[in-house]
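Report on the following structure.
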Amino acid sequence: MSNLSYRQFCPVAMAAEVLCNRWTLLLVRELMLGSSHFNDLRRGVPRMSSALLAKRLKELQACGIVARTAPARAADAHQYHLTAAGQELRPIVEAVGVWGQRWVTTEATLRHLDANLLMWDIRRNVRPEPAPAARTTIEFIFGDRVPPERNYWLLVERGHEPDLCTVDPGFDVDLYVSTDLRTLTEVWLGYSDWPSALHSGALRLTGPPERAAQLRAWLPGSPFAAVAKQAA
């Protein structure tokens, strides 16, 4: 995949030539987490250009890690999914995430705050169980951000995948989450927790108490939140 070869027959070196290009492991992460369309992949790597994303996907296809399938209807978009070789990377990517959560310092992690990426990660990890009887609309308001990174609407409805809107969908809001980006990122990553953030006033839930309790149950945190931090 790269013109800069290590020129070693060692399997570690050969794998590194395939996997260690910029963005490659993050694309594998997105595919592991269920993104299959080009636009969904872009939302998971918002700082990656469309041209580079298309290039990396072609490289991963050439290496047999990703397969591209034609849509059933001409109007639909192509889909990307991991092959058997790509699926075998799952424990590797998870282990890298565990290592990063455990050994990269909190301050180094929180240096790279990104509202779009945080909300996209929340959307794909929300666990609405039990499912609400009617559509539930939750508005997140980041008081320290300006549009378009200030307001997000999470829509949860029985029988549908949770949806994330960056433009007001026009539904009545059931619960407002008012906070700053750092606070919600800390809670999501397990550096803080709901009770602490609520008690300090850095995070406020406005709406019926049962909706607030529901949200806290639906958002258990990042898949790596339970990993204890070891970095000084």
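What to note about this one:
- Potential extension, Asp172-Ala85 segment - 0.36 nm per residue separation minus Cα distance: 26.8 nm
- Within segment 35-162, the proportion of C-alpha pairs whose separation exceeds 26 Å stands at 40%.
- One quarter of the convex hull surface built on the alpha carbon atoms of segment 13-89 amounts to 5.1 nm², the projected area averaged over directions.
- Over the chain, dividing the summed -39,500 (n - 2.57) contributions of all DSSP H runs of at least 4 residues by the number of residues returns a 222 nm mean residue ellipticity of -11500 deg cm²/dmol.
- Since only Val187, Trp103, Pro208 are under comparison, the one whose Cα sits farthest along the positive direction of the charge dipole of the chain, derived from C-beta charges on Lys, Arg, Asp and Glu, is Trp103.
- Stokes-Einstein translational diffusion, the chain - Kirkwood Rh over all Cα pairs, 1.306 mPa s, 10 °C, in µm²/s: 81 µm²/s
- Eigen-decomposition of the gyration tensor built on the alpha-carbon atoms of segment 190-232 gives equivalent ellipsoid semi-axes of 24, 14, 5 angstrom, largest listed first.
- In this rough spin-label picture, where each label sits 7 Å from Cα along the Cβ direction, the Ala67-Thr206 distance is 5.0 nm.
- Heavy-atom accessible surface of the chain: percent carbon and sulfur, 1.4 Å: 55 percent
- Surface analysis of segment 84-232 yields an accessible area of 54 Å² per residue, using protein heavy atoms and a 1.4 Å probe.
- Annotation: amide H-H contacts under 5 Å for Thr83 (H modelled 1.01 Å from N, sequence separation of 5 or more, or interchain): Val66, Ala67.
- For segment 120-232, the Kirkwood hydrodynamic radius from C-alpha pairs, put into Stokes-Einstein at 4 °C and a viscosity of 1.567 mPa s, yields a diffusion coefficient of 89 µm² per second.
- Label-reachable residues, segment 59-86, where backbone N falls under 12 Å from a point 7 Å from Trp23's Cα toward its Cβ: 59-60
- Seen against the Cα atoms of the chain and their longest principal axis, helix 90-103 is set at about 60 degrees.
The values are calculated or read from the model by the stated rules, or taken from the named source; none is laboratory data. None of the values given here were measured: they were computed from a predicted structure. Cβ sites come from the backbone with ideal geometry, for glycine too, and all protein chains shown count toward neighbours. Side chains are part of the model used for accessible areas, which takes the heavy atoms of the whole protein and leaves out ligands, DNA and RNA. Shrake-Rupley method; radii C 1.70, N 1.55, O 1.52, S 1.80 Å.
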